[in-house]
Each structure stands twice: as C-alpha cells, then as structure tokens.
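Written out below as structure tokens is the structure these notes cover.
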Amino acid sequence: MRIIAGDWRGRALTSVGKGDPRAHLRPTTDRVRESLFNMLGGGRFGEPFDGARVLDLFAGTGALGLEALSRGAEACTFIDDGRKAQSLLRDNIRLLGCGDRATLIARDATRLPKAEAACDLVFLDPPYGKDLGTRALHAARDGGWIAPEALVVWEESAPQTAPEGFALLDTRRYGDTHVTVLRTT
C-alpha cells in the first residue's frame, strides 16, 4: 500500500499482508483508492480535500484518511476499535509525520462520542455484510461529526441506498467493492 498523490505521493504505508480477517481488516487496494480519489477530485464534487476536516470511520490502516491529508485536507479523525488497526494507524501516522493533523479514537464507530468539530468529508468502510454502515452514519450525524453538505464515501460489498438525511450522488463498482457517494441534506 502506498499514498497515491499529493504531498506524500509514492510513500509506502505499513504492510498488512493479506489483512486480518478476524478483525475484518481489509485494506482498500491502491487501484480502488486511486480510482476513488480520481473520481472525488475530478471536479464533480467541488474541491473535497482542500482544507477539509475528514472523518474516517472503520479506518483500518487509515489509508483513505491519510490519502485525503496528502491531498490537502486540514485534519483527519480516525475511528477504529480494532487493536491491529490502531497499531497500523499509529505506525502510518508516525511514518508520514502527520500527528499534528491526525487524531485516533479507539472506539466502536457505531457508538461515537460528541464531536468537537463537524467534518466535511466522511469515509465509511465497515466490515462487509455486517449492516454496520447505516448505524455508524447515524451515530456520526447524531454526534455532530457530519457538517451540512458533507460528502460521504461509503465502501461496501453491495451498493447502498441513501439513509434518511442523505442524498445519493453516485455509485461505482470496483471488482467486489461498491462505492456509494452521498451528501448530507
């Protein structure tokens, strides 16, 4: 895994091998991440990274949030309750030297504390097929984590419908990964 573009372009992230199935650690591949970020940065969704506050739910290795930081996001809060994921995240934050812009909260993404500041861009990559995405999205909204007009990027094994309070903007399929893009209404 590596950072695709931006300030840290080409920098390798800590290797996870094939992931950790018991912890549902399944990193987004470089190819999928590159396609996803090209779609987001292509102008259709404005400038989603420039100065954005980012929330990375079920963060795993943190590759999505770190890519956003590399591309100009102001700060990212990473949420994951897995010990292996937290260890990898800490290593990646240290590796990139972005501890001043990154916050790790060791917590279940469906039970979030109240936010100090709302986020403009949300990555949601729950364990596939466990029906946790909608619960995490509601917890983030109810906790004040999601700003009005925020962009939400949701990875799952199937396309997702927009929950109440969100509008569907786009869906894409990359192999067995489906990306659903939403905006808060």
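Where a number appears in this text, it was derived from the coordinates with a stated rule and is not lab data. Quick caveat: nothing in here was measured; it's all calculated off a predicted structure. Methodologically, a virtual Cβ is constructed for each residue, glycine included, from the backbone with ideal geometry; neighbour enumeration extends over all protein chains shown.
Given C-alpha coordinates of the stretch 21-184, what is the ratio Rg to Rh with the Kirkwood estimate of Rh? Each step should come with its number before you reach the end.
Details: Rg = 14.1 Å, Rh = 15.5 Å.
Result for the stretch 21-184 is an Rg/Rh of 0.91.
Ordering GLU156, GLU149 by the number of other Cβ atoms within 10 Å of each residue's own Cβ, fewest first, gives GLU149, GLU156.
How large is the dipole of the chain about the Cα centre if only Lys and Arg carry +1 and Asp and Glu carry -1, each at its Cβ, rounded to the nearest 20 debye?
Numbers: 25 positive and 25 negative charges, 104 e Å.
With only Lys, Arg, Asp and Glu charged at Cβ, the dipole is about 500 debye.
Placing unit charges on the Cβ atoms only, positive for Lys and Arg and negative for Asp and Glu, gives the stretch 98-185 a dipole magnitude near 120 debye about its Cα centre. The distance linking the stretch 151-180 with the stretch 118-146 is 12 Å (Cα centroid to Cα centroid, whole angstrom).
Rounded to the nearest Hz, the phi-derived 3J(HN,Hα) couplings of the stretch 139-146 under the Karplus curve 6.51 cos²θ - 1.76 cosθ + 1.60 (θ = phi - 60°) are 4, 5, 5, 5, x, x, 7, 10, where x marks glycine and proline. Taking Lys and Arg as +1 and Asp and Glu as -1, the other residues whose beta-carbon sits under 10 Å from that of HIS178 total -1. Footprinting exposure proxy ranking of GLU116, GLU67, GLU34, fewest other C-beta atoms within 10 angstrom first, gives GLU116, GLU34, GLU67.
For the chain, calculate the relative contact order in percent as a whole number, restricting contacts to Cα pairs under 8 Å that are 6 or more residues apart.
That works out to 17 percent.
Each of MET39, MET1 has some number of other Cβ atoms within 10 Å of its Cβ, and from fewest to most they run MET39, MET1.
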